[in-house]
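The values are calculated or read from the model by the stated rules, or taken from the named source; none is laboratory data. Please read these numbers as outputs of a predicted model, since none were measured by experiment. Neighbour counts run over all protein chains shown; Cβ positions are idealised from the backbone, glycine included. Each accessible area value is taken on the protein alone, full model and side chains, heavy atoms only, with ligands, DNA and RNA left out. Shrake-Rupley method; radii C 1.70, N 1.55, O 1.52, S 1.80 Å.
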Amino acid sequence: MGSSPAPFSEIGKRAKDLLTKDYNFDQKFTLSVVGSTGLGLTANGLKRDQIFVGDINTLYKSGNTTVDVKVDTYSNVSTKVTVSDILPTTKAVFSFRIPDHKSGKLDVQYLHPHAAFDSSIGLNPTPLLELSATIGSKDLSLGGEIGFDTASSLLTKYNAGISFNKPDFSAALLLTDKGQTLKASYIHAVDSCNGTAVAAELTHRFSTFENSFTLGSSHVINPLTVVKTRFSDNGKAGVLWQREWRPKSLVTVSAEYDSKALNASPKIGLALALKP
């Protein structure tokens, strides 16, 4: 629903995406092929140091049902079945991994004009239960999430957050790590015509009284090219260059320099995504 608040996992996501999304310091290759019958195939490869890993992902859509099957280099098979609109504005996701027979999980999402609910339950004798909810509107929302491990009868997480969103800016405040960490984030479109935006995230840890921050920017050089930068208080500075060199195909170069590690070389990554 257009007026519904976003799920709890979306609080602070706009700023986080500007600061972290597409930064990659390995060698990554992705090839995606989509057929006219609703069948899609994606192959991913990642080289990190001297280790190469990859996976093949098959996606099939039919009506309101989507089946997603992924096989990786370690012979793990992950399957996800998504069914939309079982009830109005309700989505259910069933997932499991082979050979892990305890990995089955059922997620249900429900959107109301003034609320959003997400629930998850593990499909095993001692499941992990998770529930999140937000209330409000697409502009202002307040929410929280909780996790409970039935095996140990302990809470695994409890977090809360609030966000205020407008087309040109978004602010969010999150209390995470069972109340031990406070995160504040903000993103602002400085020049919407030229695609320039800036973002900041400030983190305070109550247990150690430590503060940290990350600043970032994004600028659309032209309709096909984006440049991003970021700087953290730990002395790390990063830059990203991304270009759509053909329709839906991207090449991304990322680099990061750690000013506190003078003897270490800067990290450089290359990602190539092809979509014929």
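Figures for the structure shown
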{"quantity": "Residue within region 10-28 that is under 28 Å from SER132 (Cα atoms) and among the aromatic types (Phe, Trp, Tyr) present", "calculated": "no"}
{"quantity": "Count of region 212-249 residues which are open to solvent by 60 Å² or more (accessible area, probe 1.4 Å), assigned to a strand (DSSP E or B) and of a type in the set (A, V, I, L, M)", "calculated": "3"}
{"quantity": "All positions within region 253-265 that are more than 25 Å from PHE213 (Cβ to Cβ) and either under 20 Å from the mean Cα position of the chain (by Cα) or surrounded by 11 or more Cβ atoms within 10 Å (Cβ to Cβ) (or both)", "calculated": "VAL253"}
{"quantity": "When residues of region 1-58 are limited to those that are farther than 26 Å from LYS91 by Cα and acidic (Asp, Glu), the one surrounded by the fewest Cβ atoms within 10 Å (Cβ to Cβ)", "calculated": "ASP49"}
{"quantity": "Test: ASN234 is out of contact with any Cys (no Cβ under 8 Å at 6 or more places or on another chain), modelled with pLDDT under 95 and farther than 30 Å from LEU31 by Cβ", "calculated": "yes"}
{"quantity": "Single residue of LEU142, LEU111, LEU87 found to be surrounded by fewer than 14 Cβ atoms within 10 Å (Cβ to Cβ) and among the aliphatic types (A, V, I, L, M)", "calculated": "LEU87"}
{"quantity": "Some residue of region 39-61 being farther than 23 Å from PHE25 by Cβ and not in a strand (DSSP E or B)", "calculated": "no"}
